[in-house]
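The values are calculated or read from the model by the stated rules, or taken from the named source; none is laboratory data. Note that this is a predicted model, so its numbers are computed, not measured. Neighbour counts are summed over all protein chains in view; Cβ atoms, including those assigned to glycine, are modelled from backbone coordinates with ideal geometry. Please note that ligands, DNA and RNA were not included when accessible areas were found on the heavy atoms of the full protein model with its side chains. Shrake-Rupley method; radii C 1.70, N 1.55, O 1.52, S 1.80 Å.
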Amino acid sequence: MSDGFARACGYDGDSPALLDAFEAIRQCGIRQARQEHDRRKAVIDGLKLGEDMFLAAIGPALSAEEAIEDATRFIIFWRNMPRWRQERRLPDLVRARQQLLLARFFRRYGRRIWQREAA
């Protein structure tokens, strides 16, 4: 499998050391993606307890649609900032992306989840 990843990255050689390095990079990326998925799932599981928890998490927005608009507006605003300001506002970008992810998820599945949790 490391040959395929190395080729996809543009490496055409056959050095075993470099192929092992590409495999290590691929495995590290897979581990990191799984950790991020588990972190996001833990946040969503915490918000399944009720709509009030979700609204508190996306505040000051009053609905999922409003939270999506706010997060999208900030991401566009962030992309138009100078590089030095982007670096200072990076935590805000992370929060906006997480808010966007949560709002999209709960806009689509929230009602069903909260009905199931209430039953």
message = Residues that are touching a residue at least 24 places away in the same chain (Cβ under 8 Å) and exposed (fewer than 13 other Cβ atoms within 10 Å of the Cβ): does segment 19-35 have at least one?
response = no
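Evaluate the following for PRO60: is it open to solvent by 60 Å² or more (accessible area, probe 1.4 Å), within 26 Å of ARG112 (Cβ to Cβ) and out of contact with any Leu (no Cβ under 6 Å at 6 or more places or on another chain)? Before you say what the answer is, go through the steps one by one.
Numbers: open to solvent by 60 Å² or more (accessible area, probe 1.4 Å): yes; within 26 Å of ARG112 (Cβ to Cβ): yes; out of contact with any Leu (no Cβ under 6 Å at 6 or more places or on another chain): yes.
So PRO60 fits the description; yes.
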